[in-house]
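Scroll down for the structure; my scribbles are underneath it.
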Amino acid sequence: MHLEGGAGGPGGAPSRPSYGVVSKPAEPQPDFSILNEDFPALPGTSFKQGVITNIPKGMVTDQFGMIGLLTFIRAAETEPNLVTLALGSDLTTLGLNLNSPESLYHTFGSPFAESPCRPHEIDCHVPPEYRINSFIREKLAPIKLSRYGEDLLFYLYYTNGGDILQLAAAAELYARDWRYHKEERVWLTRAPGVEPQVKSNNYERGTYYFFDCQAWRKVPKEFHLEYDKLEEKPTLHPIAAQ
């Protein structure tokens, strides 16, 4: 598709230009000018009147110039996937505290991240004398999660998302009769000493403790529990299970 302009419509009426892959015009257009206040970063020679001359030819004669950019922006109006690439993102829609007196980049992972950077992903100054991993990593005793309380297990689970440590904590919680409900997205277990009121092959109903990670406590609740909505036991690699 070529860039067309001028009196191209019937009866001499001007036709609306169509934009696409732009070809080089048949003859130069010496009368072309752009106002400096509209495009302050464009190359060229500016004068006091605010008019820019010596515009590079590629600016309006190929798909990598201003016409190509305009085509791309117009395509983004009908193609949502191109909006971010063509126009960028509005900072006010990313959930950032723009009034924060402190810098955000320390914990800001990405505009598309669902959570801030985890502690081990945040850069910080570490004195050389603290960097002893290469000396002691073969001497440390393996971590035995079975030795620790449920409070620490839940802490490890919720603060190590996507890490092998989260999976190991989940496996230990499972071994202690906690189950993860896939729809409620919460850990639960039967109340100690309380048998289910109703029990069948597919479900049961009774009193359960739900772990509330916001309040960080166990909450008793009457609940109708369907077995197929519970997560299976996590599978650990033999090395990670040590």
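Ranked by the mean number of other Cβ atoms within 10 Å per residue, highest first, peptides 164-170, 137-143 order as 164-170, 137-143.
Taking 0.36 nm per residue of sequence separation and removing the Cα-Cα distance, the THR53/GLU195 pair yields an extension gain of 42.5 nm. Listed here are the pairs LYS144/LYS229; LYS199/LYS221; LYS144/LYS182; which of them are more than 25 Å apart at the Cα? Distance filter (> 25 Å) returns LYS144/LYS229; LYS144/LYS182. Cβ crowding within 10 Å ranks TRP178, TRP216, TRP187 as TRP216, TRP178, TRP187, fewest other Cβ atoms first. Oblate is the label for region 175-236, because the ratio a/c of its alpha-carbon gyration tensor axes (a ≥ b ≥ c) is 1.5 or higher and a/b is not greater than b/c. Residue ranges 64-74, 227-237 sort as 64-74, 227-237 when ordered by packing (mean number of other C-beta atoms within 10 Å per residue, highest first).
Read-outs: derived from the displayed coordinates by stated rules, not from any lab. Since this is a predicted model, take the numbers as computed values, not measurements. Please note: Cβ atoms are built from the backbone with ideal geometry, for glycine as well, and neighbour counts cover all protein chains shown.
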